[in-house]
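Worksheet: one structure, shown below.
The values are calculated or read from the model by the stated rules, or taken from the named source; none is laboratory data. The model shown is predicted, which means the values in this text are computed figures rather than measured ones. FYI the Cβ positions are ideal-geometry reconstructions off the backbone, even for glycines, and counts take in every protein chain you see. Side chains included, ligands, DNA and RNA excluded: accessible areas come from the protein's heavy atoms. Shrake-Rupley method; radii C 1.70, N 1.55, O 1.52, S 1.80 Å.
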Amino acid sequence: MSQPQPTITDHQVKHLEMIQAIVTRLGNGSFLIKGWTMTLAGVFLGFAANRSSWRTAGLASLSILGFWLLDAYYLRQERIFRALYEAARQPGTSVELFSMDVRPYISAIRWLTVVKSQTLVNFYGVLSLVNLAVAAWWFFRS
């Protein structure tokens, strides 16, 4: 005889939907950050090429680094809320209904691990290398 499957209440479903909405907003924020990064880096690199200035290309590095850290913040928050979602979806969970308290999950998601995540390193690392190449080209050319 099989054991009855635990059921999930309508309130629990609503709680999970609320958490998922936060995760979605954080993902959208991360997407917008990447768009702004490409725009600003392109503007700085365009000015650097037009003005023959390695300093302007250097400014692009600061904006790339700043956006990298901001995107890492969003990605970390997203992972923290995913951990809350995982805990809240378990039958007999200890997560209080409609709670958005993520404090128990913060220590599990390390900041540096997120900064060095493959998705961020691939995007911002490549952009940084291109920027560094442009800056070095103008530096050694002048």
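Numbers for the structure displayed
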| read-out | value |
| --- | --- |
| Net +/- balance of residues flanking LEU45 in space, Cβ distance below 14 Å, scoring K and R +1, D and E -1 | +2 |
| In order through the stretch 10-16: 3J(HN,Hα) via Karplus (6.51 cos²θ - 1.76 cosθ + 1.60), integer Hz, x for Gly, Pro | 4, 5, 5, 4, 4, 4, 5 |
| For the stretch 42-50, Karplus couplings with θ = phi - 60° (6.51, -1.76, 1.60), whole Hz, Gly/Pro x | x, 5, 4, 5, x, 5, 5, 5, 6 |
| Cβ-Cβ FRET estimate between GLN90 and LEU32, R0 fixed at 41 Å, reported to 0.05 | 0.80 |
| Under 12 Å, Cβ to Cβ, from LEU26 - net charge with Lys/Arg +1 and Asp/Glu -1 | +2 |
| Probe 1.4 Å, protein heavy atoms only - accessible area per residue of the stretch 19-137 in square angstrom | 60 |
| Longest to shortest principal axis, alpha-carbon extents of the stretch 17-133, angstrom | 63, 22, 18 |
| Relative contact order [Cα under 8 Å, 6+ residues apart], the chain, whole percent | 35 |
| Residue-averaged 222 nm ellipticity for the chain, from DSSP H runs of 4+ at -39500 (n - 2.57), nearest 500 | -25000 deg cm²/dmol |
| Apportionment of accessible area to carbon and sulfur, the chain, percent (1.4 Å) | 63 |
| Within-11-Å neighbourhood charge of VAL115 [Cβ basis; K, R +1; D, E -1] | +2 |
| Among ASN28, THR113, ASN50 the positive-end extreme of the charge dipole of the stretch 1-114 (Cβ point charges) | ASN50 |
| Cleavage-rule hits, trypsin sites (Lys or Arg not before Pro), the stretch 77-142, DSSP coil, Cβ neighbours within 10 Å at most 14 | ARG110, LYS116 |
